[in-house]
Amino acid sequence: MERAAGVLGVAMRQTAVHLSGNDVSIVKDEKGSPPIKHVSWGRLEVEGKVEPYKDAKLFPGGSRDWNWRETGTGHSPGIQPADVQELLEHGATVVVLSRGMAECLQVPRETLDFLKERQIAVHVLPTAEAATLYNKLAENEPVGGLFHTTC
């Protein structure tokens, strides 16, 4: 079933959702990537998730909070290969990386090479543009995304 989207202007699937024990929001259609309903400074609203994220990992089948401390991510050195590895483990065949609203988050060559070696298409954009592209891609393919909603 399709319905018109709100803020980001793309079609969004209505899906049934439940939460697992490790704070991952799981979409029943495990092949589909959850649509973004709204993005603004410090806030990313994802279909199937009651509370908004500040930073999030979205992937086929669900989403979760993106805790930078898990992999040593920071504005510099930037997004680590371990951050995107999880997206691939969930079946993403294309990846969208957001650099933040003011593009302060770096994406090191090592991370881009990691994806290239695995023949994964990658798009690196400011957060608002990344959310729009992610939603468009999610309509037709298993996409993963890392979203940083501040600087």
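Some notes on this structure:
- Considering (1) touching a Lys or Arg at 6+ places or on another chain (Cβ under 7 Å); (2) within 18 Å of Pro34 (Cα to Cα), the lone condition that Leu105 does not fulfil carries the number (2).
- Among residues of region 63-89 that are farther than 14 Å from Leu105 by Cα, those with a beta-carbon under 7 Å from a residue that is open to solvent by less than 60 Å² (accessible area, probe 1.4 Å) and part of a loop (DSSP other than H, G, I, E, B) at least six positions away or on a different chain give the pairs Ser63/Pro34; Ser63/Lys49; Thr71/Gln80; Ala82/Thr71; Leu88/Ile120.
- Applying the criterion of at least 1 residues that are crowded, with 16+ Cβ neighbours inside 10 Å and touching a helix residue (DSSP H, G or I) at 6+ places or on another chain (Cβ under 9 Å) to the helices (runs of 4 or more DSSP H) found wholly in region 49-151 leaves 81-89, 109-117.
The values are calculated or read from the model by the stated rules, or taken from the named source; none is laboratory data. Keep in mind that what you see is a predicted model, and the values were worked out from it rather than measured. Because the Cβ atoms are built from the backbone with ideal geometry, glycine has one as well, and the counts that use them run over all protein chains shown. Ligands, DNA and RNA are stripped out before the accessible areas are found, and what is left, the full protein with its side chains, is counted by its heavy atoms. Shrake-Rupley method; radii C 1.70, N 1.55, O 1.52, S 1.80 Å.
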